[in-house]
Ligand SMILES: [Zn+2]
């Protein structure tokens, strides 16, 4: 099969790779229908995370089940499935508490930018759609594998409620998905912080009520002006840099909530500032699996269209261009067709 390998910083290649096999009785092998490049794939691509040896890459996928192991009971060959970027049994105590990304048996369906994928813990990880979805629904279903579920978790973690004022820091696919989530959860005012025209436009389509196109102290001042001088009830941090984290914290009102889902890189939060702020901070890798059944329904009913975050579609063989376009911010998110 063809699969994507990251060889070194900036060196991404499509190659002949061994076909994935069932290696444990709880595995499934799926034929990839669509996959994509994640903002977090850019960390090693840019050399921010070191690449020590050639590595299969990609963790977002939808596909059709080809084969299942002998212990798999609910997932069947032929089903169209969506799974989380972290495999979970969905039965342990952490899973039952709704934190499948901290599953006691968690595993990783790695190397998903490929024609076939081995998914561990198939019964716990994969969710099948009632029937084969139409082609136009595929991008939105694919978005549920990571970005939409992550945006949903950011909004949950930030305790967005009907009537809330919400600020979303980050205008990548996760931030834009966070706008969808805040809208679905009944937020009254949703401020998207973005300096890019195409992303601002999409944020407004997804339900943002305001755009703030400045950052840092100026951005904080703007948010304060908009919120009677106190800051927002809920802030979604969807980037992971020190600058974006401070932006999020300082845009939150005393007693408000921050949901942070950007993978932190060199983030240093001053404890004293946290102490005096009175706000609650919750984050981490999103338990996407917990939200899949609900989000699949919202996509199938046409209520949400997170697939609009894909503004570039390429054949899998052009994966190098997909990375380049996202790295240069020419694309928000690239969908790959095997
Ligand atoms: Zn578990």
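Working carefully through the options 175, 163, find the one that is over 20 Å from residue 245 (Cα atoms), out of contact with any helix residue (DSSP H, G or I) (no Cβ under 6 Å at 6 or more places or on another chain) and not assigned by TED's automatic domain parsing to the domain that holds residue 326.
The conditions single out 163.
Could you tell me whether residue 78 is in a loop (DSSP other than H, G, I, E, B), more than 16 Å from the ligand (Cβ to nearest atom), at positive phi and buried (at least 19 other Cβ atoms within 10 Å of the Cβ)?
Here the answer is no, as residue 78 does not meet what is asked.
Every residue in segment 199-220 that is in a helix (DSSP H, G or I) and surrounded by 14 or more Cβ atoms within 10 Å (Cβ to Cβ), please.
199, 200, 202, 203, 204, 206, 219, 220
Here's a check for you: in segment 232-246, which residue that is closer than 18 Å to residue 214 by Cβ and in a loop (DSSP other than H, G, I, E, B) is nearest to the chain's Cα centre (by Cα)?
Among those residues, the one meeting the criterion is 238.
Give me the residue from segment 221-241 that is in contact with a strand residue (DSSP E or B) (Cβ under 8 Å, 6 or more places away or on another chain) and over 20 Å from residue 153 (Cβ atoms) and, out of that set, surrounded by the fewest Cβ atoms within 10 Å (Cβ to Cβ).
Restricting to residues being in contact with a strand residue (DSSP E or B) (Cβ under 8 Å, 6 or more places away or on another chain) and over 20 Å from residue 153 (Cβ atoms), the top hit is 230.
Working only within segment 49-70, note down all residues that are exposed (fewer than 13 other Cβ atoms within 10 Å of the Cβ) and touching a helix residue (DSSP H, G or I) at 6+ places or on another chain (Cβ under 8 Å).
50
Which count do you get for residues in segment 132-147 that are out of contact with any strand residue (DSSP E or B) (no Cβ under 8 Å at 6 or more places or on another chain), farther than 18 Å from residue 84 by Cα and outside any helix (DSSP H, G or I)?
Matching residues across segment 132-147 total 1.
Could you say whether any residue in segment 27-50 is within 29 Å of residue 324 (Cα to Cα), within 16 Å of the ligand (Cβ to nearest atom) and assigned by TED's automatic domain parsing to the domain that holds residue 137?
no
When you scan segment 51-83, how many residues do you find that are modelled with pLDDT under 95 and under 22 Å from residue 148 (Cα atoms)?
The number of residues fulfilling the criteria is 0.
How many residues does segment 59-71 contain that are over 22 Å from residue 300 (Cβ atoms) and either within 16 Å of the ligand (Cβ to nearest atom) or part of a strand (DSSP E or B) (or both)?
4
Each row is one residue, and each column tells you yes or no for (1) in a strand (DSSP E or B); (2) in contact (Cβ under 8 Å) with a residue 24 or more places away in the chain; (3) surrounded by fewer than 16 Cβ atoms within 10 Å (Cβ to Cβ).
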site: 248; (1), (2), (3): no, yes, no
site: 262; (1), (2), (3): no, yes, no
site: 285; (1), (2), (3): no, yes, no
site: 297; (1), (2), (3): no, no, yes
site: 304; (1), (2), (3): no, yes, no
site: 321; (1), (2), (3): no, no, no
site: 336; (1), (2), (3): yes, yes, no
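Which residue pairs have Cβ atoms closer than 6 Å, lie 6 or more positions apart in sequence or on different chains, and pair a first residue in segment 80-96 that is within 23 Å of residue 140 (Cβ to Cβ) with a second residue that is modelled with pLDDT under 95?
Filtered contacts from segment 80-96: 87/109.
Anything in segment 85-131 that is part of a loop (DSSP other than H, G, I, E, B), more than 9 Å from the ligand (Cβ to nearest atom) and under 12 Å from residue 288 (Cα atoms)? List them, or say none.
85, 86, 98
The values are calculated or read from the model by the stated rules, or taken from the named source; none is laboratory data. Please read all numbers here as calculations on a predicted model, not as lab measurements. For neighbour counting, all protein chains shown are included, and Cβ atoms are generated from backbone atoms with ideal geometry for every residue, glycine included.
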